[in-house]
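First up is the structure itself, then whatever we jot down about it.
The values are calculated or read from the model by the stated rules, or taken from the named source; none is laboratory data. The model shown is predicted, which means the values in this text are computed figures rather than measured ones. Note that each Cβ is placed from the backbone with ideal geometry, even for glycine, and that neighbours are counted across all protein chains shown.
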Amino acid sequence: MPGGVGMFEDNQTDRTKTTNTKERQPAAGANARIGADKSKQNTPMQGDAVAHQKAAGWKTRLRDRRTWLWLGGALLASGMAVLAAAALWIRSLDVSKLEHPLPEPTLILDSSGQPASQLSSSRIIPVELEDVPLDLRNAVIAVEDRRFYEHSGIDLWAIGRALLRDLQSGSLKEGGSTLTQQLAKNLFLQTDKTFSRKIKEAGYAIKINLIYSKDEILELYLNSIYFGEGRWGVEGAAQQYFAKPAAQLTLEESALLAALPKAPTTYSPAKNREKALERRNLVLSLMREQQFISDAAYQQAVAKPIVLKQNNEESLKGKYPSYVDYVIEEAAALYGFTEEQVLTSGLRIYTNLDPKVQKAMEDVYANDGMFPEGTPDQLLQSGAVIIDHRTGGIRAMIGARGKQVYRGFNRATQLRRQPGSSFKPLAVYAPALERGYTPSSWLYDGELDIAGYRPRDWDGQTRGQVTLQEAVVRSWNIPAVWLLNEIGLDTGFEFVRKAGIPLTPADRSLSLALGGLSEGVSPLQMAQAYGAIANLAVMHQAHAIVKVTTKDGIPLVEAQAKPTGVTRPAVAYELTLLLQEAVKSGTGQAAAMGRPVAGKTGTTQLPATQEFAAIGPNGAKDAWFVGFTPELTAAIWLGYDQTDKNHYLTTSGGAVPAALFREVMNRALSGTPAAPFPVPDEYRKLEQARALEAWQQQRQYEDDTASGDDPAREDERGKRGSDEKHEHRGWWERGRKEDD
């Protein structure tokens with residue numbers, strides 16, 4: 001068909017044309033290259049532009065590279081500067097506090113060498129690392145710082161994890177602190193949770209890690225960390241929870257202690273045993289995981305319940321405060337120890353403290369019924385001391401009634417009050433016996449006016465004459481003043497000084513007979529002086545300390561006995577007999593008990609001022625009893641710290657102190673057989689001579705009577721009393737009204 005054929009031909013023609021056209025036209029890429037070649041060949045300026053563009057690109061890339069290098073160098077320099085500054089800052093941190101050994105408590109040991117009290121300026125009982133069980137060390141590392149022996153004081157991985165958790169929670173609850181950081185925080189930083197504190201903590205930790213070995217750091221940590229219940233350090237914690245030293249802790253006990261530092265109150269086995277058990281078992285599992293213990297040891301330990309053995313006995317710290325305070329004073333006064341040395345050097349101070357005697361005194365003083373009722377605003381106070389007069393050793397001491405505080409006022413040793421009639425045996429009767437007076441010697445007891453000084457007997461009466469024994473037993477004042485004047489004031493003055501009681505020139509007056517002193521005395525001074533009488537005229541200085549050693553037993557000081565003769569043994573024994581009679585039938589009857597007792601009461605009147613005028617003789621300022629048995633000597637004072645018209649004694653004489661003496665001694669000497677006072681050979685000979693003289697006088701009297709002679713004898717008692725009354729009237733001495 002033509003039409004069809006023509007169409008076919010046309011199409012064929014078109015394809016041929018197209019094909020021919022393609023064959024004639026080069027490809028676009030070829031044209032571009034050809035154009036470019038032509039440009040190179042035909043247009044040089046265009047080639048220069050291309051080259052310039054290439055050069056500019058290289059310069060840009062070079063400049064960018066230099067910029068990055070500069071930035072990198074700047075960053076490196078800045079980093080190095082920061083590191084240098086950090087190094088300088090860390091170097092400047094002061095960790096010298098770690099160089100000082102932890103203060104060690106000093107132990108006070110009693111007369112049997114047993115621990116009685118503990119002195120310390122620190123809440124820590126330090127222990128060396130070698131004395132800490134390996135299980136306890138590993139338990140602490142497992143739960144608190146597993147990479148302790150690997151890091152350099154700070155654990156970056158642990159800090160990173162903690163920081164991530166803090167950022168996620170928006171708080172600072174996660175710690176991430178190593179043991180070294182915790183040590184730094186405990187010793188050098190506040191407990192606030194701030195980033196600045198964490199930075200300081202890290203700095204201190206790095207500094208500590210540079211200076212100390214890991215074992216040294218672990219030892220410092222174990223001795224300073226808080227374990228709850230007021231206990232710092234592993235030794236105190238072991239004693240608190242298990243009543244044993246840290247060295248004896250078992251695996252499960254070690255794990256329990258290691259569980260506490262994270263939250264001592266929350267995990268306290270004393271308050272929340274279930275949480276404590278859960279936390280302990282966690283520690284054990286961490287120890288197994290870190291291969292500190294075997295699976296068998298783990299299974300055995302977690303199966304055990306928590307068994308606390310808390311120390312129910314009263315802590316040694318704070319026991320016997322008055323006695324311990326005096327030990328500190330004596331250590332300083334006699335041996336030159338400072339208070340800091342006593343509190344921090346771990347000394348062993350052996351003393352004369354007798355726990356039985358001390359407990360007897362404390363039990364009596366804890367009974368308010370033994371004391372007169374005080375006033376709501378002021379407690380009636382008392383101080384007492386007991387010594388062994390055979391050695392001078394202080395066996396017991398009470399410095400106050402009521403709550404006692406460390407280094408408080410000690411009324412047994414620091415008090416200075418006038419002793420009243422308890423001073424008569426020292427100032428009057430002992431020196432009189434030395435000069436030949438006897439218990440049967442007659443003394444004047446009438447109106448006495450010595451240049452304006454007019455002593456009065458406590459009952460307001462006079463008896464003309466009394467024997468020396470009656471004057472002692474009934475505590476008459478006039479005979480004592482008269483007798484002191486007879487033997488000479490210097491004689492009494494010197495005897496008191498020999499008895500260890502310091503006097504001043506102001507005390508040189510006849511009121512010395514009645515205890516009228518310018519400064520007064522302490523119970524300890526009176527006990528020491530009476531102890532010389534009890535010990536047959538040999539006085540030993542009252543002392544608490546026997547010896548002081550280091551904690552390793554190396555001797556430092558030791559007390560040296562220095563006995564002093566005060567009078568003759570016969571005089572001391574005769575005075576003992578007089579004081580024994582004063583307890584049997586005189587003013588000291590409240591002290592009597594089922595064993596030999598000798599002693600003397602004493603009271604001092606209220607000051608003769610307008611404030612006390614309305615009270616008259618019905619009140620007293622001080623009350624005393626000083627006495628002894630063959631075993632012990634005691635002095636007891638009773639009174640108000642501040643005496644005024646609303647605060648004074650209304651009791652009769654020294655009856656209350658005498659009763660306190662009786663109660664304390666009964667308890668202190670329970671189980672000790674009663675024994676008589678020793679009789680010196682000198683006294684036996686003296687008695688034999690007196691008996692012979694009396695027999696000879698009787699025979700002479702009988703002979704004179706038989707021969708019919710009736711010798712005209714004057715009444716010696718009347719004559720002597722009349723002459724002495726006349727002779728001494730008008731003399732003057734400084735007067736005070738201290739009577740019994």
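Confirm whether ALA613 is hydrophobic (A, V, I, L, M, F, W, C) and surrounded by fewer than 13 Cβ atoms within 10 Å (Cβ to Cβ).
yes
Does ASP739 fit the bill of being touching a helix residue (DSSP H, G or I) at 6+ places or on another chain (Cβ under 6 Å), at pLDDT below 80 and on the phi < 0 side of the Ramachandran plot?
yes
Is region 233-250 home to any residue that is in contact with a Gly (Cβ under 9 Å, 6 or more places away or on another chain) and either outside any helix (DSSP H, G or I) or at positive phi (or both)?
Within region 233-250, none of the residues are in contact with a Gly (Cβ under 9 Å, 6 or more places away or on another chain) and either outside any helix (DSSP H, G or I) or at positive phi (or both).
What residue, of LEU183, LEU83, LEU167, is more than 30 Å from PRO355 (Cβ to Cβ), modelled with pLDDT of 70 or more and out of contact with any Lys or Arg (no Cβ under 6 Å at 6 or more places or on another chain)?
LEU183
Checking ALA712 against (1) in contact with a strand residue (DSSP E or B) (Cβ under 6 Å, 6 or more places away or on another chain); (2) among the small types (Gly, Ala, Ser); (3) at pLDDT below 75, which test does it fail?
Evaluating ALA712 over (1) in contact with a strand residue (DSSP E or B) (Cβ under 6 Å, 6 or more places away or on another chain); (2) among the small types (Gly, Ala, Ser); (3) at pLDDT below 75 leaves (1) as the failure.
Among the residues of region 497-510, which ones are surrounded by fewer than 23 Cβ atoms within 10 Å (Cβ to Cβ) and either in contact (Cβ under 8 Å) with a residue 24 or more places away in the chain or among the small types (Gly, Ala, Ser) (or both)?
LYS498, GLY500, ILE501, ALA506, SER509
If you take the residues in region 641-650 that are in a loop (DSSP other than H, G, I, E, B) and under 36 Å from the mean Cα position of the chain (by Cα), which one is farthest from ILE398 (Cα to Cα)?
ASN646
Could you check how many residues of region 330-352 are among the hydrophobic types (A, V, I, L, M, F, W, C) and either in contact with a Phe, Trp or Tyr (Cβ under 6 Å, 6 or more places away or on another chain) or assigned to a helix (DSSP H, G or I) (or both)?
6
Would you check if there is a residue in region 665-686 being touching a strand residue (DSSP E or B) at 6+ places or on another chain (Cβ under 9 Å), of a type outside the set (Lys, Arg), closer than 13 Å to ALA384 by Cβ and in contact (Cβ under 8 Å) with a residue 12 or more places away in the chain?
Within region 665-686, one or more residues are touching a strand residue (DSSP E or B) at 6+ places or on another chain (Cβ under 9 Å), of a type outside the set (Lys, Arg), closer than 13 Å to ALA384 by Cβ and in contact (Cβ under 8 Å) with a residue 12 or more places away in the chain.
Which residues, counting only those in region 600-643, are touching a residue at least 60 places away in the same chain (Cβ under 8 Å) and of a type in the set (Asp, Glu)?
Within region 600-643, ASP622, GLU631, ASP641 qualify.
Is it the case that some residue within region 657-673 is surrounded by 12 or more Cβ atoms within 10 Å (Cβ to Cβ) and modelled with pLDDT under 90?
no
Here are THR629, THR604: which of them is within 30 Å of GLY374 (Cβ to Cβ), in contact with an Asp or Glu (Cβ under 6 Å, 6 or more places away or on another chain) and crowded, with 23+ Cβ neighbours inside 10 Å?
None of the others qualify; the one that does is THR604.
Return the residue satisfying two criteria in turn: it lies in region 114-146 and is among the small types (Gly, Ala, Ser) and assigned to a helix (DSSP H, G or I), and of such residues it is surrounded by the fewest Cβ atoms within 10 Å (Cβ to Cβ).
ALA142
Looking at the structure I just gave you, is VAL473 in contact with a Ser or Thr (Cβ under 7 Å, 6 or more places away or on another chain) and at pLDDT 95 or above?
Yes.
Given the residues GLY346, GLY374, GLY399, which is the only one that is of a type in the set (Gly, Ala, Ser) and crowded, with 22+ Cβ neighbours inside 10 Å?
After applying the criteria, what remains is GLY399.
Please list, ordered by first then second residue, the pairs with beta carbon atoms under 9 Å, 6 or more apart or interchain, first in region 332-343 and at positive phi, second surrounded by 12 or more Cβ atoms within 10 Å (Cβ to Cβ).
GLY336/VAL557
Can we say VAL481 is hydrophobic (A, V, I, L, M, F, W, C), surrounded by 18 or more Cβ atoms within 10 Å (Cβ to Cβ), under 23 Å from VAL583 (Cβ atoms) and modelled with pLDDT of 95 or more?
When the stated conditions are applied, VAL481 does not pass them.
Based on what the data block shows, is ALA202 modelled with pLDDT of 95 or more, at negative phi and assigned to a helix (DSSP H, G or I)?
No: the conditions fail for ALA202.
Can you confirm whether THR576 is of a type in the set (S, T, N, Q), out of contact with any strand residue (DSSP E or B) (no Cβ under 9 Å at 6 or more places or on another chain), surrounded by 21 or more Cβ atoms within 10 Å (Cβ to Cβ) and within 23 Å of THR491 (Cβ to Cβ)?
So THR576 fails the test.
Go over the candidates TYR323, TYR406 one by one and state the one that is in contact (Cβ under 8 Å) with a residue 40 or more places away in the chain, touching a Leu at 6+ places or on another chain (Cβ under 9 Å), over 30 Å from LEU577 (Cα atoms) and of a type outside the set (Val, Ile, Thr).
TYR323
Give the residues of region 254-283 that are crowded, with 19+ Cβ neighbours inside 10 Å and touching a residue at least 40 places away in the same chain (Cβ under 8 Å), sorted by residue number.
The answer is SER254, ALA255, LEU256, LEU257, ALA258, ALA259, PRO261, VAL283.
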